Amino acid sequence: MLDETQDRLCAGNTTDFSDLKAMIVNCTLKRGDEPSHTDTLLDQVATIFEKVGVTVDRMRAVNHDIAPGVYPDMTEHGADHDEWPQIWPRVKAADILVIGTPIWLGEKSSIAQGLIEKLYAHSGQTNDKGQYVFYGKVGGCIVTGNEDGIKHVAAGVLYAMSHVGYTIPPQADAGWIGEAGPGPSYGDEREDGSRAGFDNSFTRQNTTFATWNMLHMARMLKDAGGLPAYGNSQELWSDGMRFGSPDPQHRS
């Protein structure tokens, strides 16, 4: 029998998320609209977001000419083309950024690494509080592959997002890798007509938990007006404010 708290939690969500915006970026290597296993798992995230009224913006990064590099516009640094300046406003507007990536040889895709480098390109910019521009925004990671490491890939992606300023909720990653060795990838149809991974309750649970944790964290940050600026404002630090930091030159 459920206790009173559990019964209340099972009654359904009553929080309004309709003012939140989420961007889901699939970093598959597959171009065009070729079926992507990562997209199939990201569909679960998008479905939950949309059910609670979140505005969802989805993008397959490989379909865009995003020049490699750690500057916001690489055409100013020798590249012939760079679509990132047109994509950046979409990323900046999102309260939640979900990076989806396949695993290749135990690592995130090259497209995911390129996206992270583009986020880093903006890491010196600030918001209206003088904080780094990604403060007050939430990040998460969804991973697919065969026999390689979900946790290893998620650790790299989530650390990078945290480093540039995203807030990472508890358990903000999920994925599916299947059995070791050659075999179906997530969502592939088996001989019996079932879909690989769809019956994996662990992946379904973790994907659901990660999605709701991103929602709850984004709601909390939005309602609080982001993170307090005391102690982390780059602009105030540049103006000489030290927020109580001890001067190592003057040890007692």
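The values are calculated or read from the model by the stated rules, or taken from the named source; none is laboratory data. Quick caveat, the model's predicted, so the values are computed rather than measured. In this analysis, Cβ positions are derived from the backbone assuming ideal geometry, glycine residues included, and neighbour counts consider all displayed protein chains. Just the protein is used for accessible areas: all its heavy atoms, side chains included, with ligands, DNA and RNA removed. Shrake-Rupley method; radii C 1.70, N 1.55, O 1.52, S 1.80 Å.
Details
- Among the criteria (1) surrounded by 10 or more Cβ atoms within 10 Å (Cβ to Cβ); (2) free of Cβ contacts under 8 Å to residues at least 24 places away in the same chain; (3) assigned to a loop (DSSP other than H, G, I, E, B); (4) of a type outside the set (Val, Ile, Thr), the one Gln171 does not fulfil is (2).
- All conditions but one from (1) open to solvent by less than 80 Å² (accessible area, probe 1.4 Å); (2) assigned to a helix (DSSP H, G or I) apply to Asn13; the one that does not is (2).
- Residue match in segment 232-241 (condition: part of a helix (DSSP H, G or I), buried (at least 17 other Cβ atoms within 10 Å of the Cβ) and either in contact with a strand residue (DSSP E or B) (Cβ under 6 Å, 6 or more places away or on another chain) or in contact (Cβ under 8 Å) with a residue 40 or more places away in the chain (or both)): yes
- Residue in segment 146-166 that is on the phi > 0 side of the Ramachandran plot, buried (at least 22 other Cβ atoms within 10 Å of the Cβ), of a type outside the set (A, V, I, L, M, F, W, C) and assigned to a loop (DSSP other than H, G, I, E, B) present: yes
- All positions within segment 55-71 that are buried (at least 16 other Cβ atoms within 10 Å of the Cβ) and touching a residue at least 40 places away in the same chain (Cβ under 8 Å): Ala61, Val62, Ile66, Gly69, Tyr71
- Taking segment 79-91 as the range and being open to solvent by 70 Å² or more (accessible area, probe 1.4 Å) and assigned to a loop (DSSP other than H, G, I, E, B) as the test, the residues that pass are Asp80, His81.
- Annotation: of all residues in segment 180-221 being open to solvent by 30 Å² or more (accessible area, probe 1.4 Å), assigned to a loop (DSSP other than H, G, I, E, B) and among the small types (Gly, Ala, Ser), the one that is modelled with the highest pLDDT is Ser194.
- Number of positions in segment 25-55 that are closer than 23 Å to Trp104 by Cβ and not in a loop (DSSP other than H, G, I, E, B): 11
- Number of the exception - Gln125 against (1) open to solvent by 60 Å² or more (accessible area, probe 1.4 Å); (2) in contact with a Pro (Cβ under 9 Å, 6 or more places away or on another chain); (3) in contact (Cβ under 8 Å) with a residue 60 or more places away in the chain: (3)
- Taken over segment 101-122, the criterion of being open to solvent by 20 Å² or more (accessible area, probe 1.4 Å) and either assigned to a strand (DSSP E or B) or farther than 25 Å from Asn63 by Cβ (or both) is satisfied by Trp104, Glu107, Lys108.
- Members of segment 102-126 found to be modelled with pLDDT of 95 or more, under 22 Å from Ala218 (Cα atoms) and in contact with a strand residue (DSSP E or B) (Cβ under 9 Å, 6 or more places away or on another chain), listed by number: Leu115, Ile116, Leu119, His122, Gln125, Thr126
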